[in-house]
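Colleague: What follows is a structure written as structure tokens; I'll ask about it next.
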Amino acid sequence: MAEEEKKQKCKEGSPEWMTTFSDLMSLLMCFFVLLLSFSETDKQKFKQVAGSMEQAFGIQRNERHFGSPEGNIIISTGFMSTPMAVKLRQSLEEIIASEVASGAAESEASGGRMTIRVKDSLGFDLGRAEIKKSFIPFLDKLGLFIKTHNVHVVVRGHTDNVTLARGAPFHSNWSLSAARAVRVVEYWKDKFNIASSKMAASAFADGSPVAANDSPANRARNRRVEFFFRLGGEEKAFDGLEETVKR
């Protein structure tokens, strides 16, 4: 009877080479984490790291290139969940909350810009450009905000398409809408001494309606004053990561 072939018994657990392989994977992960952390390249720190890696691996070429080949910045270092423009917009929304709740005003925002629309019934009498007393508290809140924050505002006057009656204080809807916008910025200038560079006034007459001028209700919507805000100067508001790679 043939002698049974002896079988070699394997050791329990993973082979020994797995230990070295695991250490190598850990080192590679740390290496790429370091690359990410230095994506905003500090040349002095990069030189120190490059020298350390040259001694560790012995493969550093004589010619060194500092900086990421894909761009100077991989992830925007200015990213915040609530950038300055968003904070300013939130403050502005709180300021006008009571007027929005009452239906006297409405707002819309996009990025670092915000538009507030106010019905002319709150601010002015029909066909007039004198600021009503009921409008002053609202203007004071906006004026103080403009005075104390890095914003720029354009006051826009709008009317419906009804021709002004003969003998009215203003010759046309153009002059009426312009006068209303100018009265607002003059009020802010006189009361809060706001710099002229932070304000502007413009007139649209009936040229930019938000509704068809086919009913009293729609014409009332078109008779309005708008406040167009640019918030935070040149800063941009964004959601998520901002792509700032310079090709």
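The values are calculated or read from the model by the stated rules, or taken from the named source; none is laboratory data. All figures in this text were calculated on a predicted structure; none of them were measured in a lab. Glycine also receives a Cβ, built like all others from the backbone with ideal geometry; neighbour counts cover every protein chain displayed.
Colleague: Within region 147-175, track down each residue that is modelled with pLDDT under 95, surrounded by 19 or more Cβ atoms within 10 Å (Cβ to Cβ) and of a type in the set (A, V, I, L, M, F, W, C).
Modeller: V151
Colleague: Go through region 135-166 and give me each residue that's out of contact with any Asp or Glu (no Cβ under 9 Å at 6 or more places or on another chain) and within 20 Å of N222 (Cβ to Cβ).
Modeller: F135, T163, L164, A165
Colleague: Applying the selection to region 201-247, what residues are hydrophobic (A, V, I, L, M, F, W, C), modelled with pLDDT under 75 and under 21 Å from E108 (Cβ atoms)?
Modeller: From region 201-247, those hydrophobic (A, V, I, L, M, F, W, C) are 201, 203-205, 210-212, 217, 220, 225, 227-229, 231, 237-238, 241, 245; that's our starting set.
Next, only the ones that are modelled with pLDDT under 75 stay: 237-238, 241, 245.
The answer is A237, F238.
Colleague: Next question. Tally up the residues in region 112-132 that are in contact with a helix residue (DSSP H, G or I) (Cβ under 7 Å, 6 or more places away or on another chain), in a loop (DSSP other than H, G, I, E, B) and either within 29 Å of K87 (Cβ to Cβ) or of a type in the set (D, E) (or both), please.
Modeller: Count: 1.
Colleague: On to the next question. Tell me which residues, restricted to region 99-118, are crowded, with 18+ Cβ neighbours inside 10 Å and either of a type outside the set (S, T, N, Q) or over 14 Å from F227 (Cα atoms) (or both).
Modeller: Within region 99-118, E99, A104, A105, A109, G112, M114, I116, R117, V118 qualify.
Colleague: Moving to a separate point now. Spot the failing condition for Q44; the list is (1) at pLDDT 65 or above; (2) farther than 30 Å from R219 by Cα, and only one is missed.
Modeller: (1)
Colleague: Let me confirm something: among S76, S102, which residue is modelled with pLDDT under 90 and out of contact with any strand residue (DSSP E or B) (no Cβ under 7 Å at 6 or more places or on another chain)?
Modeller: Within the list S76, S102, the selection yields S76.
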